């Protein structure tokens, strides 16, 4: 592959990550066929790979891809001898495609003019199994590769590929319409929709791959979708809880990387750079959720944990005991290995690294291929003065899939430990 081809491929991958949801959503609305829409988008990507090395990257690559995909749709309609019926509708939809993304007023909960949120609701249809919904939406909404999705969902790549193919086939067989379901059907999809939006935010907050540890534009899109969802479902406290969680975490974006673009831990961050307005919005959203009187759910408990970090004046002043209690409640509600890992890290700050290391060791069979597991284990070993083991754990974490900036930090920490030999140290809590 020559330099022009490599540059074009990087550009196509970047555009797809940023624009996948809007492109596929617009094509789905215009064609009425989700599966065909994604095929059209993929065909446009292939055309970009063929043409951009010679022609250069367009000024608006997302618009270029959408235009190519629309032309292919028209060609497809012609071949099906249905252009006469479809052309007027297509023209009207193209003219309508530029409408604003304004959030609808709360007084009109059934009106939502957002193609991406429609796409999320389609991909979260109950006809699909839960993991299939997540795999499909991470592909089409977040623009992740199958390898990245496999990492996020702790699955193998072939399993992810099979679930995406089967999900698209199931949606086509069920003729699922491209629309937000009526109020009687929304509750059945809400949990999946919330999960998809949060996974989209997570990709912005801690990118699964690439050379950027954070992608604020992706996280902002997730927050925008959550606000649209709240306008549609204002009485659902978990929507407010998710908004609160994302606001708290968004508040740290500017402080999460150093001048070289490398990620910083919570203990290393300059808290004066945290966005206090985002923290205030998060606290207000969490109060709304709590006022519903149903108790905090999955996102509410995570938001409460994030608020503990957000309001602590210093790293050492963090209320780690309360965080552990909140994680105890979260483990009872959603006892996943990742939640237990995060609880173990909190225990290490409240009660010391030795007890936490035992808790982490219990998770190795489930999380051996998960980079944060080995990074957390490495930090605990470092705090216990076991520098050789800590260096090996950092090296193991660096070998696993993740973004390049994160890899560089893990490799640097491994090298530093290997160079200094056994020294007891107290490290900062990894940003989470």
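The values are calculated or read from the model by the stated rules, or taken from the named source; none is laboratory data. As the structure is a computational prediction, the values presented were derived from the model and not from experiment. Cβ coordinates were reconstructed from backbone atoms using ideal geometry, including for glycine residues, and neighbour counts include every protein chain displayed.
Taking the conditions exactly as written (in a helix (DSSP H, G or I) and modelled with pLDDT under 85), does residue 18 satisfy them or not?
yes
Look through 73, 54, 69 and report the one residue that is assigned to a helix (DSSP H, G or I), out of contact with any helix residue (DSSP H, G or I) (no Cβ under 7 Å at 6 or more places or on another chain) and modelled with pLDDT of 85 or more. Spell out how you get there, then give the answer.
Working: 73 fails: out of contact with any helix residue (DSSP H, G or I) (no Cβ under 7 Å at 6 or more places or on another chain); 69 fails: out of contact with any helix residue (DSSP H, G or I) (no Cβ under 7 Å at 6 or more places or on another chain).
Being assigned to a helix (DSSP H, G or I), out of contact with any helix residue (DSSP H, G or I) (no Cβ under 7 Å at 6 or more places or on another chain) and modelled with pLDDT of 85 or more holds for just one of 73, 54, 69, which is 54.
Within the stretch 229-240, can you find the residues that are within 17 Å of the chain's Cα centre (by Cα) and within 16 Å of residue 181 (Cα to Cα)?
Within the stretch 229-240, 229 is the sole residue that qualifies.
Yes/no per residue for (1) more than 10 Å from residue 12 (Cβ to Cβ); (2) without any contact (Cβ under 8 Å) to a residue 12 or more places away in the chain; (3) assigned by TED's automatic domain parsing to the domain that holds residue 15:
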site	(1), (2), (3)
52	no, no, yes
58	yes, yes, yes
61	no, no, yes
76	yes, no, yes
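Restricting attention to helices (runs of 4 or more DSSP H) lying wholly within the stretch 294-379, give those where 1 or more residues are within 26 Å of the chain's Cα centre (by Cα), without any contact (Cβ under 8 Å) to a residue 12 or more places away in the chain and more than 30 Å from residue 239 (Cβ to Cβ).
Of the helices (runs of 4 or more DSSP H) lying wholly inside the stretch 294-379, those with at least 1 residues that are within 26 Å of the chain's Cα centre (by Cα), without any contact (Cβ under 8 Å) to a residue 12 or more places away in the chain and more than 30 Å from residue 239 (Cβ to Cβ) span 364-367.
On the basis of being within 23 Å of residue 258 (Cα to Cα) and either in contact with a strand residue (DSSP E or B) (Cβ under 7 Å, 6 or more places away or on another chain) or surrounded by 14 or more Cβ atoms within 10 Å (Cβ to Cβ) (or both), does residue 403 make the cut?
The answer is yes for residue 403.
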